[in-house]
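The values are calculated or read from the model by the stated rules, or taken from the named source; none is laboratory data. Predicted model, so just to flag it, every value in this text is computed and none were measured. In this analysis, Cβ positions are derived from the backbone assuming ideal geometry, glycine residues included, and neighbour counts consider all displayed protein chains.
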Amino acid sequence: MTRWGSVEPMGSGYDSADTPAEVRERMAGLLVVIPTYNERESLADTVSRVRATVPEASVLVVDDASPDGTGPLADELAASDAAVHVLHRSSKNGLGAAYLAAFDWALDRGFDPIVQLDADGSHLPEQLPRLLDRLGPADAAGSADVVIGSRWVPGGSIQNWPRRRELLSRWGSAYARTMLGLPTRDATAGYRVFRADALRRLDLAGVHTRGYGFQVDMLWHAHDAGLQIAEVPVTFVERARGRSKMTTAIVLEAMVRVTGWGIQRRLARRSGAARVA
Ligand SMILES: Nc1nc2c(ncn2[C@@H]2O[C@H](COP(=O)(O)OP(=O)(O)OP(=O)(O)O)[C@@H](O)[C@H]2O)c(=O)[nH]1
Ligand SMILES: [Mg+2]
């Protein structure tokens, strides 16, 4: 039985004797950030599942003026639940920009830890406790600074994803891992937990990727900063409603940037080696 009672702990790397009350107290500052663009059909279900699974959690919906009325729906959810907040942005500016604004918002208000979760049902709120379990208390041996909900570690899986999306994702993760020396199997996963201190240690002003490569950009910054990164297996479910925002431009942005960072990294290593020699 886990401290949350509902799911088995997956890959816990720390040894904690915290009581359920201590865990609840620690989670009182938990914020789940949900970026939205045209997610009217999915948002209410996602928010209510988050609140039901982890009642201590606050939620921040970050909406980029969705034409389908997701913003006003988020306002309605916030009006009926004081733990739900909304950040309205004036135009669609990409997932990365939405998350960076949300991190500023969260850090200013002292939230800790901070979770990234898609609105479209792909990330199961019911699996959030296993990510939080793996994060562990800040001061415990073996606890993590960042936890990734991973599709590509043993026990992780995908449901109803088209084969070409699976191949693209697997290939993208392998490419990023090789080019950047990343420690994780799933480099593009969007289901993550960050400790607030970990976010503070990152140079967020140096994260410029706006699209889906943002996830790789953050991971690379986290690895570079020497943060402890852990992966736990999750089930990723293809969205049942609404439309994907994935475009060729977003994939290209990620590929070009990862290639550029990889070259920079190799050049830096080579000049470092030359200096040592
Ligand atoms: N605020 C904001 N949210 C966005 C933007 N683009 C995507 N999102 C949200 O980010 C989450 C992930 O986007 P998706 O379209 O599901 O992208 P994906 O998960 O990579 O692609 P699919 O697997 O095809 O769904 C969803 O909750 C989107 O609504 C954006 O420009 N601004
Ligand atoms: Mg999605």
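Considering only region 95-122, state which residues are within 14 Å of ligand 2 (Cβ to nearest atom) and assigned to a loop (DSSP other than H, G, I, E, B).
L117, D118, A119, D120, G121, S122
Listed residues P72, P125; which is closer than 24 Å to S244 by Cα, within 16 Å of ligand 2 (Cβ to nearest atom) and not basic (K, R)?
P125
Of all residues in region 56-68, which are in contact with a helix residue (DSSP H, G or I) (Cβ under 9 Å, 6 or more places away or on another chain) and either away from ligand 2 (no atom under 16 Å from the Cβ) or part of a helix (DSSP H, G or I) (or both)?
E56, A57, S58, V59, L60, A65
Check R89, R40 and return the single one that is modelled with pLDDT of 95 or more, within 16 Å of ligand 2 (Cβ to nearest atom), over 18 Å from the mean Cα position of the chain (by Cα) and basic (K, R).
R40
Spot the failing condition for V84; the list is (1) out of contact with any Phe, Trp or Tyr (no Cβ under 7 Å at 6 or more places or on another chain); (2) more than 16 Å from ligand 2 (Cβ to nearest atom); (3) under 26 Å from G155 (Cβ atoms), and only one is missed.
(3)
Working only within region 1-37, note down all residues that are among the aliphatic types (A, V, I, L, M) and either modelled with pLDDT of 95 or more or part of a loop (DSSP other than H, G, I, E, B) (or both).
M1, V7, M10, A17, L30, L31, V32, V33, I34
Hey, could you check region 245-277 for residues that are surrounded by 11 or more Cβ atoms within 10 Å (Cβ to Cβ) and hydroxyl-bearing (S, T, Y) and say which is nearest to ligand 1 (Cβ to nearest atom)?
Among those residues, the one meeting the criterion is T247.
Could you list all residues from region 123-144 that are surrounded by fewer than 22 Cβ atoms within 10 Å (Cβ to Cβ) and either of a type in the set (D, E, K, R) or part of a strand (DSSP E or B) (or both)?
Matches in region 123-144: E126, D139.
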